[in-house]
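J.: Structure incoming, see below.
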Amino acid sequence: MQDYRKRGRKPREGEKMDRMDVVCFKCPYIACGLQYQSSLGYKRHLMYYKHSIFTPSSKKIVCGYMDCTATENLRDHITREHMADAVDLLEAYDIMIKVGEETEEVSTAGLIGDIVHDEGLLDISKVIAEGGILKDILLSIFPKGVTLIIDPETFTESNQIFYCRIPGCGRQFKSLMAYKYHCGKFTHLFKSIIDDYVEKHGPLDYEEVKSIFKKKFNLENRFLLEGISHHLMRMPDQHYNFIFTFDDSQLGHEKRRIKKRGADSISEYSIGSEDRHEYDEDDVKRVKEDETHDASRFKIDSIVFNGRQLPHMQSYEQGRVAFLNLYLESTLLAVVDDHVIVGTKGEADEEDEQQESGKPQNIFLFSTGNAMFFVLNRNKILSEITFEGYGFPRKLLPYTEKTVLVLFNDGVLRELIFTEEKKLEISKEIKTKAQVVSFALFNGEIIVCSHRVLINLANKKEKPFESPIISLETTDTSIIVVDSNGRTYCINENFEEICAIPSKVGTNVVSGLEGEPDTFFISNSLYGLGRIYCASSNSTLLTSPHACSHAILIKPGFIVSSGLDGSLCVSAYRTDPKVYMKVLRTEIRNDELFIATSEEEHALVENVQPIPPNDYRVTIQGIVKHRTNLVAVLACGMVIIIDNFFRE
């Protein structure tokens with residue numbers, strides 16, 4: 001059997017999928033009847049599906065040939081009746097026996113940890129155990145506790161449609177992520193389920209049903225229904241919660257806040273662009289709730305610069321240093337056509353699908369949400385652009401004239417046009433086989449990585465890695481890859497290793513220094529160290545107590561690096577190698593951002609309690625050279641510009 005079926009992944013180019021329609025893994029519980037086209041889906045079904053509640057019955061291994069129901073003398077049956085597929089069917093038979101013997105049922109609790117709500121939680125298995133009319137109602141919509149979210153007859157690699165089967169909803173989605181987002185955010189009317197039941201089974205008193213929910217499960221208004229298996233067959237089942245309400249006056253969607261743009265708050269509906277494939281335009285309608293309280297988790301109230309409180313203004317200048325507060329969590333910084341661009345997460349509230357404040361993002365966790373881009377002229381905003389439904393921007397690189405490539409947190413790489421009006425507009429999606437973790441440009445060609453595979457999109461060349469890829473950078477002559485074990489690979493355009501770069505567990509970034517061939521900056525966040533390494537001499541030129549996210553060459557022999565601790569450091573690595581100074585150091589205390597230059601660093605430590613280390617809000621998300629200025633942006637959304645940093 002081909003390897004992609006064992007692992008439960010999608011077939012690679014050249015691997016046929018029609019064979020998967022013939023061989024499958026069938027649940028051994030006679031009353032169940034679910035089947036999967038990967039052993040992973042089969043195993044997870046046996047682990048998480050509660051057969052003892054939904055389909056109590058005896059077990060028998062069933063022939064894995066599609067539509068075949070034979071259960072006796074299967075080895076002889078397979079070789080006799082399905083000779084053309086006997087090898088794959090016998091392998092599937094052995095896997096079903098082995099997995100069935102080794103797999104024990106476990107709880108599905110904790111599978112939905114990334115979307116949190118305050119509503120009451122109800123497991124459908126509790127309703128089934130109670131019996132009565134509530135059991136009949138829920139099983140009429142979720143037979144055997146299952147909702148089939150694809151149509152097996154029409155679902156293909158090129159036509160992936162996911163359906164919400166809740167009566168009164170019926171929405172369709174072009175990605176599983178969008179379907180998950182719908183389940184986690186959209187409020188369905190329970191009255192629609194009752195109406196559907198009444199139409200099929202006769203009259204029913206809705207008020208009496210609500211009173212039963214109140215009496216047995218203490219549920220009065222909104223609740224989350226868990227324990228549903230979202231069945232896909234071609235992939236492992238998912239276990240998302242549904243949100244229901246008994247209030248049939250609700251419109252069925254979550255309220256979201258928007259940042260006020262004027263003195264009066266405005267409530268309005270927002271409809272996403274038609275070319276966004278993650279969410280139908282009906283689903284992206286949002287009620288924006290007017291709110292007097294700004295709940296931004298990254299809000300910075302004021303700046304204390306060198307011990308002096310600055311005026312409460314969005315932008316301010318103090319000598320050679322200028323500040324701009326974007327009031328949003330920033331994720332990237334870039335220079336495009338001589339303009340500085342900052343990418344941030346969009347406006348959010350407590351219920352938004354974002355990670356917890358104060359923590360870095362998990363690069364293997366994809367999500368939707370809003371992104372914002374700010375085009376700057378020094379510390380003034382020239383324009384701001386919002387993209388809905390793609391998630392925050394992970395990485396941006398200039399591509400061709402007037403175009404950029406942006407990787408969003410939904411794992412999709414998109415080409416954007418930088419217009420004459422200093423706006424960004426979606427041009428097209430870059431097609432990839434899987435969601436993208438990171439990307440880079442090498443000799444004008446797009447290199448992407450998705451989990452453990454590196455792909456050149458121009459020639460389709462692939463290189464698999466043993467461990468997940470966490471960093472991808474390029475120099476003029478090489479591609480640099482760092483995996484989750486801290487190992488660094490320096491490879492050429494043919495994906496052949498050209499030099500060894502020593503690194504160890506905890507390495508988070510390895511990047512080349514532009515203008516210094518064969519010289520690399522290596523950051524290790526576990527040990528809190530930064531190194532300058534020369535490949536040609538196989539020697540470490542500098543070791544500093546400074547783990548960082550970015551480094552820029554100031555001139556040969558000197559670099560500036562941005563620390564994960566919110567500091568900017570200048571270091572020498574040839575003559576007298578050492579960290580010369582911390583150009584800036586930042587800390588957040590309550591809602592105040594404290595910034596000190598190297599000459600005034602004492603202003604941070606006089607008469608104050610120690611600040612807990614590793615505050616993600618001050619992590620520098622990017623540094624760039626813009627003309628002669630150095631520009632940096634903190635995760636909390638503060639942009640810092642130092643004039644004439646790069647002196648001629």
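J.: So, in nm, how far is label residue 314 from label residue 154 when the simple model puts each one 7 Å beyond its Cα toward the Cβ?
T.: 4.6 nm
J.: Please give me the summed charge of the neighbours of residue 568: other residues whose Cβ is under 10 Å from its Cβ, Lys and Arg +1, Asp and Glu -1.
T.: Details: positive: 582, 585; negative: none.
Cβ neighbours under 10 Å give a net charge of +2.
J.: Let me ask you something else. At what distance in nm do the modelled label points of residue 204 and residue 441 sit from each other, each positioned 7 Å from its Cα along Cα→Cβ?
T.: 5.8 nm
J.: Okay, moving on. How far apart, in nm, are two points set 7 Å out from the Cα along the Cα-to-Cβ line at residue 337 and at residue 624?
T.: It is 1.3 nm.
J.: Here is a further query. Quick check: net charge around residue 395, other residues with Cβ under 15 Å of its Cβ, Lys/Arg +1 and Asp/Glu -1? Each step should come with its number before you reach the end.
T.: Values: positive: 345, 394, 414; negative: 410, 415, 473.
Around residue 395, the charge tally is 0.
J.: Once you have a ≥ b ≥ c as the square roots of the Cα gyration tensor eigenvalues for the stretch 497-571, tell me rounded if a/c is under 1.5, and otherwise prolate or oblate according to whether a/b is larger than b/c.
T.: Oblate.
Where a number appears in this text, it was derived from the coordinates with a stated rule and is not lab data. Given the structure is predicted, the values throughout are model-derived calculations rather than measurements. For neighbour counting, all protein chains shown are included, and Cβ atoms are generated from backbone atoms with ideal geometry for every residue, glycine included.
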